[in-house]
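The structure appears below as structure tokens.
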Amino acid sequence: MNSHTVHVGRVTRDLPIVPVAPGVSVALFNMLGDTEVTEEAGRELARLLPADIDVLVTPEVKALSLAHVISRESGKPYIVIRKTQKPYMVEPIAREVVSITTGKPQLLVLDGFDVAKIRGHKVAIVDDVVSSGGTLHSLRQIIEEVGGEVAAVMAVFTEGDERPEVTALGHLPLFK
Ligand SMILES: O=P(O)(O)OC[C@H]1O[C@H](OP(=O)(O)OP(=O)(O)O)[C@H](O)[C@@H]1O
Ligand SMILES: Nc1ncnc2[nH]cnc12
């Protein structure tokens with residue numbers, strides 16, 4: 001299998017290149033279960049986090065442990081936007097999203113319990129990869145709908161297009 005070598009701080013990984021759509025492949029970056037990469041990326045991104053951020057918001061699931069490390073390092077709390085609506089949620093706010101790696105609609109759901117932690121606050125969105133920007137767009141819509149201000153977007157990698165609005169540790173090409 002072809003691979004693409006990346007560096008996350010002092011850690012090196014060979015990412016497998018996998019097809020995600022007809023004629024499009026990505027270097028798959030899956031942090032789940034990779035403690036070394038998660039710790040390194042989380043510490044690096046925490047150093048780059050603007051001081052005036054109140055709260056981190058991350059989408060389930062691959063970026064979850066990254067948000068945990070940034071939270072621990074920065075002392076800022078984090079909120080997880082889920083991908084399924086649960087019966088225990090209070091007045092959930094949901095948006096559909098199509099990411100490049102999933103290719104079909106998924107839900108992004110904010111539990112109403114968490115709205116007060118976002119309303120009137122400066123938010124940093126945390127994700128592992130920002131690619132088509134579909135996930136970022138829907139996260140922004142949810143945060144702004146409940147009165148939060150997206151003041152930073154932090155990711156380990158951008159992918160495809162350049163994204164000057166994203167603070168990232170590196171960039172991944174799309175393979176076409
Ligand atoms: O910019 P985009 O094209 O929206 O792609 C970025 C999103 O895609 C991935 O999530 P994925 O859909 O693979 O879900 P998962 O983390 O639940 O596996 C990744 O974790 C980002 O959230
Ligand atoms: N290269 C990639 N690896 C993992 N998740 C992604 N989401 C978008 N691009 C991705």
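Charging the Cβ of each Asp and Glu at -1 and of each Lys and Arg at +1, and nothing else, the dipole of the chain about its Cα centre rounds to 220 debye.
Once the 1.4 Å probe is applied to the protein heavy atoms, the range 1-52 comes out at 57 Å² accessible per residue.
Summing charges over all other residues whose Cβ lies under 15 Å from the Cβ of Gly9, with Lys and Arg as +1 and Asp and Glu as -1, gives -3.
Go through the range 96-167 and name the trypsin sites (Lys or Arg not before Pro) that are in a DSSP coil and have 13 or fewer other Cβ atoms within 10 Å of their Cβ. Counting only loop positions with at most 13 other Cβ atoms within 10 Å, the trypsin sites (Lys or Arg not before Pro) in the range 96-167 are Arg119.
Accessible surface of the range 3-175, 1.4 Å probe: 51 percent of it comes from carbon and sulfur atoms. Of Thr12, Leu28, Val109, whose Cα points farthest to the positive end of the dipole of the range 3-175 (charges on the beta-carbon: +1 Lys, Arg; -1 Asp, Glu; origin at the Cα centre)? It is Val109, whose Cα lies furthest towards the positive end. Of the Cα atoms belonging to the range 6-97, the radius of gyration and Dmax stand at 15.7, 43 Å. For the listed peptides 126-137, 90-101, a ranking on the average number of other beta carbons within 10 Å per residue, highest first, reads 126-137, 90-101.
Shape analysis of the chain based on the Cα gyration tensor places the equivalent ellipsoid semi-axes at 26, 19, 14 Å, largest first. Amide H to amide H, with H built 1.01 Å from N, Val130 comes under 5 Å of Phe157, Thr158, Glu159, counting only residues 5 or more places away or on other chains. Using a cutoff of 8 angstrom between alpha carbon atoms and counting only pairs six or more residues apart, the relative contact order for the chain works out to 21 percent. Given R₀ = 22 Å, FRET efficiency for Lys86-Arg119 by Cβ-Cβ distance, to 0.05? Calculated transfer efficiency: 0.55.
The values are calculated or read from the model by the stated rules, or taken from the named source; none is laboratory data. Note that the coordinates shown come from a computational prediction; the quantities given were computed from them, not determined experimentally. Virtual Cβ from ideal backbone geometry, glycine too; neighbours counted across all protein chains shown. The accessibility values were calculated without ligands, DNA or RNA, using every heavy atom of the protein model including side chains. Shrake-Rupley method; radii C 1.70, N 1.55, O 1.52, S 1.80 Å.
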